[in-house]
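Notes for the one structure printed next.
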Amino acid sequence: MLRVSGAPVAPPLLRLTAGKCVVGSAADCDLVVTDRTVSRRHVELEVVPEGVAVRDLGSRNGTFYLGQRVQSMVLGAGGRVLVGQNATLSIDADSDALHAVPAYEGDEYRGLLGVSRQMRQLFGMLLRLEGSLVNVLVEGESGVGKERVARALHEGSKVALGPFVAVNCGAIARDVVASELFGHKRGAFTGAVEPRRGAFEAASGGTLFLDEIGELPLEVQPMLLRALESGEIRAVGEDTPRFVKVRVIAATNRDLEDGVRQGSFREDLFYRLAVVRLRVPPVRERRDDVDVLAQRFAASEGLGELPKQVRDALRARELPGNVRELRNLVQAYGALGVLPAERGGGRDVRQVALRHSVDLSRPFLEQRDELLEEFTRTYLEALLAHTGGNQTAAAQIAGLDRTYLGRLLGKLRR
């Protein structure tokens with residue numbers, strides 16, 4: 001879909017399917033831009049296998065991409081070029097056509113499970129995207145399964161045999177985000193005792209999943225934009241750029257468009273990431289899925305068929321934590337034999353578990369120390385898994401001094 005902003009245009013929107021399209025100020029152009037800096041026949045566009053070929057037709061004021069004048073290039077969906085001095089030509093995915101695809105007929109798609117109309121519609125869109133390398137923004141509340149959707153997109157793409165690398169942008173300390181994404185050379189900053197490749201290099205030839213993309217610091221966003229636009233990355237402390245081929249899928253539980261309006265997220269980066277937007281609905285909008293999801297989790301725990309009263313109780317839950325909370329509830333039921341009370345409705349799962357662990361035949365201090373050690377071990381293991389082993393980020397999340405965290409880890413490894 002072709003759009004122009006910054007100058008009057010007719011028609012306001014043009015679907016580019018096959019053949020060539022000419023943009024200019026002449027009345028016989030396919031897209032007529034009324035602007036004194038736009039030549040009569042300014043630029044030609046054509047759909048090619050790699051995206052959209054853009055060719056300047058000898059215009060007086062030029063065609064510009066990322067501030068550089070260009071004669072010809074191939075742009076992917078989400079790309080933008082400046083035509084003349086005022087008109088920005090946007091090349092976007094035909095999202096209306098994507099959302100109009102028929103619903104998927106099955107209940108499962110590449111490990112994703114759902115019988116509701118909303119999930120089958122999502123599965124249909126994922127099927128329509130198979131074979132594509134277009135950038136996708138997956139939107140949805142915490143716990144709905146955005147990473148599972150990203151993995152399904154990867155498995156259905158042309159780079160399915162390549163790596164799938166996941167990075168949680170919200171779990172990385174602000175001062176090491178660039179290093180995590182693009183790598184660093186030895187001595188680039190305090191603590192960089194060895195060179196390190198970043199997530200982009202690790203994902204080369206495959207898919208990079210950027211979770212919680214709305215948490216990405218503003219100063220790192222231009223670096224990400226350049227990587228998306230040209231495949232060019234530059235490790236921290238290095239002058240020589242490297243080039244990678246990576247399909248990027250981002251996810252957020254925030255309103256990125258609101259971030260654009262508030263100035264915390266770059267507009268050009270938003271459009272480059274959100275070529276296609278997929279919304280994963282919360283569980284409260286797809287109650288029909290609760291039974292099948294709960295039974296899937298029960299089977300993975302070796303529990304067999306869940307009793308009807310348990311299934312009914314799960315369907316009646318608010319489940320603000322969505323699929324993740326549902327899985328945790330089934331696991332708690334498997335461990336305790338009862339469902340923990342809803343928050344605010346009495347004892348929660350931690351209180352129930354503690355009551356079952358109390359042994360009145362043993363001394364208080366002995367049991368307290370064991371429980372504290374077990375909690376510390378479980379917490380740190382989950383924390384490091386969350387940060388991918390990055391102890392600096394782990395210390396920041398935990399609110400601990402980095403050295404003290406190291407001592408705790410040392411004790412647990414003895």
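Each reported figure results from applying straightforward, stated rules to the coordinates on display, with no laboratory input. On a predicted model such as this, the values are computed, not experimentally measured, just so you know. Neighbour counts run over all protein chains shown; Cβ positions are idealised from the backbone, glycine included.
For the range 30-40, 3J(HN,Hα) computed residue by residue from phi via the Karplus equation (6.51, -1.76, 1.60; θ = phi - 60°) reads 5, 10, 9, 10, 8, 7, 5, 8, 9, 5, 4 Hz, glycine and proline entered as x. For the range 268-315, GluC sites (Glu not before Pro) meeting the loop criterion (DSSP other than H, G, I, E, B) and having at most 11 other Cβ atoms within 10 Å: Glu305. The calculated FRET efficiency for the pair Arg311 and Asn86, based on their C-beta separation and a Förster distance of 51 Å, comes to about 0.25. About its Cα centre, the dipole of the range 51-165 is roughly 400 debye, where the only charges are +1 on Lys and Arg Cβ and -1 on Asp and Glu Cβ.
Computed from the C-beta positions of Leu408 and Asp96, the FRET efficiency with R₀ = 60 Å rounds to 0.65. Scalar couplings 3J(HN,Hα) for the range 293-299, obtained by applying the Karplus form with A = 6.51, B = -1.76, C = 1.60 to θ = phi - 60°, are 5, 4, 5, 4, 5, 5, 5 Hz; x denotes Gly and Pro.
Taking the chain as the region of interest, the number of lysine pairs whose Cα atoms are within less than 25 Å, with members eight or more places apart or on different chains, is 4. Averaging the sequence gap over all C-alpha pairs within less than 8 Å and six or more residues apart, then dividing by the number of residues, gives the chain a relative contact order of 12 percent. Packing order of peptides 391-400, 163-172, 60-69, highest average first: 163-172, 391-400, 60-69 (average count of other Cβ atoms within 10 Å over each peptide's residues). The overall shape of the range 4-44 is oblate: from the C-alpha gyration tensor, with semi-axes ordered a ≥ b ≥ c, the ratio a/c is 1.5 or greater and a/b is no larger than b/c. Remark: relative contact order (the range 1-160) = 16 percent; criterion is Cα-Cα distance under 8 angstrom and separation of 6 or more residues.
Counting only alpha carbon atoms, the long axis of helix 146-155 and the longest principal axis of the chain meet at about 60°.
In this rough spin-label picture, where each label sits 7 Å from Cα along the Cβ direction, the Val358-Thr17 distance is 7.2 nm.
Across the options Gly231, Pro320, Phe364, the greatest Cα extent toward the positive end of the charge dipole of the chain (unit charges at beta carbon of Lys, Arg, Asp, Glu) belongs to Gly231.
Shape verdict for the range 1-74, please, from the Cα gyration tensor: rounded (a/c under 1.5), prolate (a/b greater than b/c) or oblate. The shape class here is oblate. What residues have an amide H closer than 5 Å to that of Ala166, excluding those fewer than 5 places away on the same chain, when H is modeled at 1.01 Å from N in the peptide plane? Excluding prolines and chain starts, which carry no amide H, the hits are Phe209.
Placing a pseudo-label 7 Å from each Cα along the Cα-to-Cβ vector at Glu50 and Leu66 gives an inter-label distance of 1.4 nm. Put a plus charge on the Cβ of each Lys and Arg, a minus charge on the Cβ of each Asp and Glu, and nothing anywhere else: the dipole of the chain about its Cα centre is then about 380 debye. The simple Förster model, with R0 at 56 Å and r as the Cβ-Cβ distance, assigns Leu303 and Ser5 a FRET efficiency of 0.50.
Against the chain, whose longest principal axis comes from its Cα atoms, helix 117-128 is set at around 50 degrees. 3J(HN,Hα) along the range 371-383: 5, 5, 5, 5, 4, 4, 4, 4, 4, 5, 4, 5, 5 Hz, from the Karplus curve 6.51 cos²θ - 1.76 cosθ + 1.60 with θ = phi - 60°, whole Hz, x for Gly and Pro. Note on the range 1-59: with charges restricted to the Cβ of Lys and Arg (+1) and Asp and Glu (-1), its dipole about the Cα centre is near 120 debye.
The range 313-329 and the range 197-218 have their alpha-carbon centroids 30 Å apart.
From the square roots a ≥ b ≥ c of the eigenvalues of the alpha-carbon gyration tensor of the range 249-313, which class results: rounded (a/c under 1.5), prolate (a/b over b/c), or oblate? Prolate is the answer for the range 249-313, as a/c is 1.5 or above and a/b outweighs b/c. Summarising the amide proton neighbourhood of Leu57: residues at separation of 5 or more, or on other chains, whose placed amide H is nearer than 5 Å comprise Val43, Glu44. For the range 95-132, the set of chymotrypsin sites (Phe, Trp or Tyr not before Pro) satisfying both a DSSP loop assignment and a count of at most 15 other C-beta atoms within 10 Å is empty. Simple rule: put +1 on each Lys or Arg Cβ and -1 on each Asp or Glu Cβ in the chain, find the dipole, and look at Leu405, Gly58, Val23; the Cα lying farthest toward the positive end is Gly58. Taking the C-alpha atoms only, the angle from helix 221-230 to the longest principal axis of the chain is near 60 degrees.
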